[in-house]
Amino acid sequence: MRIVSDLLTAKAVLRRSPFAPIEVPTEMEQRIKRVFGEELTPEQVVARIIAEVRDRGDAALSDFSRRIDGVGLKSPQASRKEIEEARKKLDKKLLSALELAAERVRSFHLAQKRRSLKGFMEGGLGQVLQPLERVGIYVPGGTACYPSTVLMTAIPPRVAGVKEIILVTPPKSGGAIPEPTLAAADIAQVDLVFKVGGAQAIAALAIGTESIPKVDKICGPGNIFVTLAKKMVFGAVDIDGLAGPTETVILADDSANPAICAADLLAQAEHDVFASAILITTSHELAAEVDKEVERQLKGLKRANIAAKSLAKRGCIIVARNMNQAIELINLYAPEHLALMVRNPASYVNRFRSAGTIFVGESSAETLGDYVAGPSHVLPTAGTARFSSPLGVSDFLKLTTVVNLKEEDLAALGPAAAAIAKAEGLTGHAQAVEARLKKGGKR
């Protein structure tokens, strides 16, 4: 891995480029041309798919499933029988693990529930808290399956009280959804499951088709086409955020175990070639040892080719002058995942202004956070931890403010409101208040 010890170089490595052009691999360009018959950018592809779904509904979904995924579907919906059969057939050990994960995710999010502020009942101000009516969750699929993502995106809205949760996911080449995904949907009490993926699934959730109902909010990670589709439909529906490639930063001092640091870097790098795995340490010796461990452990990985490309392109070991400089660099980067491999790690937590999830100490493996710890693993990426939070119950609640003022409040506040309205040239606003004041005086 690249080792950097100069501060300016380290900042350059960590600097975000949110407006950089989308990197389009050659194979993606070729596939776009093969499917659409012409050269299109990913943005043009997504805009075309959304327009087709808007105009043709289910027919467009069927067409894109065949052309893009190579799957012909009689019906896009997974039946209740398919879901129940998947749960019965699932390996008992995996089923037990998913049930444990679901229990912990549910317990963590139950603690987040909020209440309405009902001071308005006696006259005054307040807030009414209400869950969204219908939420759509996107779960990546096709060649892989991610039952953990089902739990992490479906359980928080269920805890919030959302009435209907709809899952969309790409089917396998034979047209079926992987059994772990269906079993997780059953455990998480998802209402409807559809065998549709990609930008067309996002369009269907945002617009509604003959089969797939329109939702109020769309959540869940996906590839570049899914992310672009979420960006384009935002405003018509809400979204949880725009997920970028996954990323982790490990903060380590000379007490850290180099083998564990290397293992955590590789666990992140194996996601995809755009993943970022970064170690920031105050120890030159640890930096060298971790670099050697990465090379050694890389050989035993099933996805070694992907991890190697990720580390070569976006991985880095930064040697900071001291812990203050290391923390400054981490706050600059605002990582999705932050692992603390230092002495007395809990004492550092409050010094980080921006991070999706902080993993405190060697026992708090990031892998546990991905699957069974409890908090959702849907986290802010690409520096958005500066202004956004992990997916949680509050993402599925909306507030309505209530104003219930009495005559004495009107008398006290009305003249000020009228004065401001006149200053803004809105005499109708002023008149609406003054009419009430005059009426009160006559009475």
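The values are calculated or read from the model by the stated rules, or taken from the named source; none is laboratory data. Since the model is a prediction, treat every value here as computed from it, not as a measurement. Reconstructed Cβ throughout: ideal geometry from the backbone, glycine too, with neighbour counts over all protein chains shown.
Quick notes on this one:
- Tally, over region 363-384, of residues that are part of a loop (DSSP other than H, G, I, E, B), out of contact with any helix residue (DSSP H, G or I) (no Cβ under 6 Å at 6 or more places or on another chain), surrounded by 14 or more Cβ atoms within 10 Å (Cβ to Cβ) and of a type outside the set (A, V, I, L, M, F, W, C): 4
- Top-ranked residue of region 277-307 - restricted to ones that are among the basic types (Lys, Arg) and outside any helix (DSSP H, G or I), ranked as farthest from the chain's Cα centre (by Cα): Lys299
- For region 319-367, a residue qualifies if it is under 25 Å from the mean Cα position of the chain (by Cα) and small (Gly, Ala, Ser), and the qualifying residues are Ala334, Ala339, Ser354, Ala355, Gly356, Gly361, Ser363, Ser364, Ala365.
- Among the residues of region 105-152, those that are without any contact (Cβ under 8 Å) to a residue 60 or more places away in the chain, assigned to a loop (DSSP other than H, G, I, E, B) and over 17 Å from Gly369 (Cα atoms) comprise Ala111, Arg115, Ser116, Lys118, Gly141, Thr143, Ala144, Cys145.
- Strands (runs of 3 or more DSSP E) wholly inside region 180-262 that include at least 3 residues being surrounded by fewer than 18 Cβ atoms within 10 Å (Cβ to Cβ) and touching a Phe, Trp or Tyr at 6+ places or on another chain (Cβ under 6 Å): none
- Of the residues screened, Val349 is one that is farther than 25 Å from Ile224 by Cα, modelled with pLDDT of 95 or more, of a type in the set (A, V, I, L, M, F, W, C) and surrounded by fewer than 20 Cβ atoms within 10 Å (Cβ to Cβ).
- Among the residues examined, Val162 qualifies as part of a loop (DSSP other than H, G, I, E, B), surrounded by 19 or more Cβ atoms within 10 Å (Cβ to Cβ), touching a helix residue (DSSP H, G or I) at 6+ places or on another chain (Cβ under 6 Å) and modelled with pLDDT of 90 or more.
- Out of Ala229, Ala267, Ala275, Ala263, one residue alone is without any contact (Cβ under 8 Å) to a residue 40 or more places away in the chain, of a type in the set (A, V, I, L, M) and farther than 23 Å from Thr9 by Cβ. It is Ala263.
- Flag if Ala334 is within 30 Å of Leu151 (Cα to Cα), buried (at least 19 other Cβ atoms within 10 Å of the Cβ) and in contact with a Phe, Trp or Tyr (Cβ under 7 Å, 6 or more places away or on another chain): no
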